[in-house]
Each structure stands twice: as structure tokens, then as C-alpha cells.
Amino acid sequence: MADNTLNGRRVLAIVTNYGVEQDELVVPVRHLRERGAHVDVAAVSGDEIRTLVGDKDPGKTVDPDLTLADADASSYDLLLVPGGTVNADTLRLEESAVAMVRSFAESGRKVAAICHGPWLLVEAGVLDGKTLTSYASVATDIRNAKGTWVDKSVMHCGAQGWDLITSRTPDDLDDFLREIGSVFEAAA
């Protein structure tokens, strides 16, 4: 029997078309859809998304559902920001992606970011007063953005009126996905 605990929930995953860490996109999207969430993957362009494994080896290709420009951020409950060094570094240069993060934070909606994904939150300037985790090399950037960095497999912070769920690496995906589910269950 299917676990439909996320029926009616809408999730927007945002990525560039090259360099997203395969499992940080593919695994959460599959997991959330299997639990009944409607998940859209928005990329910079409508071209296929070329994922990487370990930031270097070619991974699966994924077709985006829409582009960042076509995504209406206000119609989603959760913003999912996968990592991958190339993806995260490039995504933070996309003003539409930065604006989406600000929109979610300002409206009190949930954001989940993993690995290098929090670079986008640094760029958006939304980390003041937040406690989060990430890939270790992002810690100084988080501190410089007035966030508090911790070395934990998953961190959920509800400070400043919005939920932020973060994890360090693909090795933490089970904890990351469990916490996303818990946050939605608590809000039900």
C-alpha cells in the first residue's frame, strides 16, 4: 500500500541544467512523489538536466517539468534545493532562483537544502538567525551570512518564522527525507 502522507503537498525543486548531484535530485523527487506530493523540477532552461555523481562522473539525465522563469513559487509548499558544487555555485547567480528563496522565507513556507544547496540561501540573504548544516566547505559562507553552522546529518530550524531543513551530503538523505516528512506531518 502506498504511503500518501504528502497528498496535496506541492514541492518545487530548482536546479541548473548541469552539475546537480544525481542522488540529491533524483532520490528526493522520487521519495516525495511516492508519498503523494506533486513535485515539479524547474531548471534554468527546458533542456535536459545532466546530473553528476560525486561532482565529476556523469549521472542520469532528467527532464525538467518547467523552467525557473515559468515557475510560480507562490503555488508551492516546499522549495527543494539540491546540491552539487557546480549546480549550487551556478544557481546562486540566477536571480530568479535567489528571488524564489526570498519568497519562500518571507511568506513562511518551507525550504529544504542539501550539501552545497545552502549557497543559494547565503546569496538570498535569508540566514540571519537560522541554524543549519551543509557540506563542510560551505560553513564559513553560512557564518558570514549570519547563520549558525552545525555538523549534523540533518538540521531543522524554525527560527524567523519559516522552516529550514538541511543536510550535509547524499549519505544523509534518509535523515533529510525523514525530517521533511516530519515537518509536513507537524504542520497537518
For P(r) over Cα pairs in 10 Å bins from 0, in percent, pick the label among (1) 10, 38, 37, 13, 2, 0; (2) 8, 32, 29, 19, 8, 3, 0; (3) 10, 43, 39, 8, 0 that corresponds to the value derived from the coordinates. (3)
Go ahead and collect, in residue order, the members of the range 7-38 whose backbone nitrogen is under 15 Å from a label point 7 Å along the Cα-Cβ direction of SER137. 19-21
Report the number of Lys pairs in the chain whose alpha-carbons are under 20 Å apart, with separation of 8 or more residues or on distinct chains. 5
With loop defined by DSSP as not H, G, I, E or B, and exposure as at most 15 other Cβ atoms within 10 Å, which is the longest segment of the chain clear of exposed trypsin sites (Lys or Arg not before Pro)? 57-145
Could you check what % of the DSSP bridge pairs in the chain are antiparallel, to the nearest 5? 25
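Every number in this text was worked out from the coordinates using simple rules, so none of it is lab data. Computed from a predicted structure; not experimentally measured. Cβ sites come from the backbone with ideal geometry, for glycine too, and all protein chains shown count toward neighbours.
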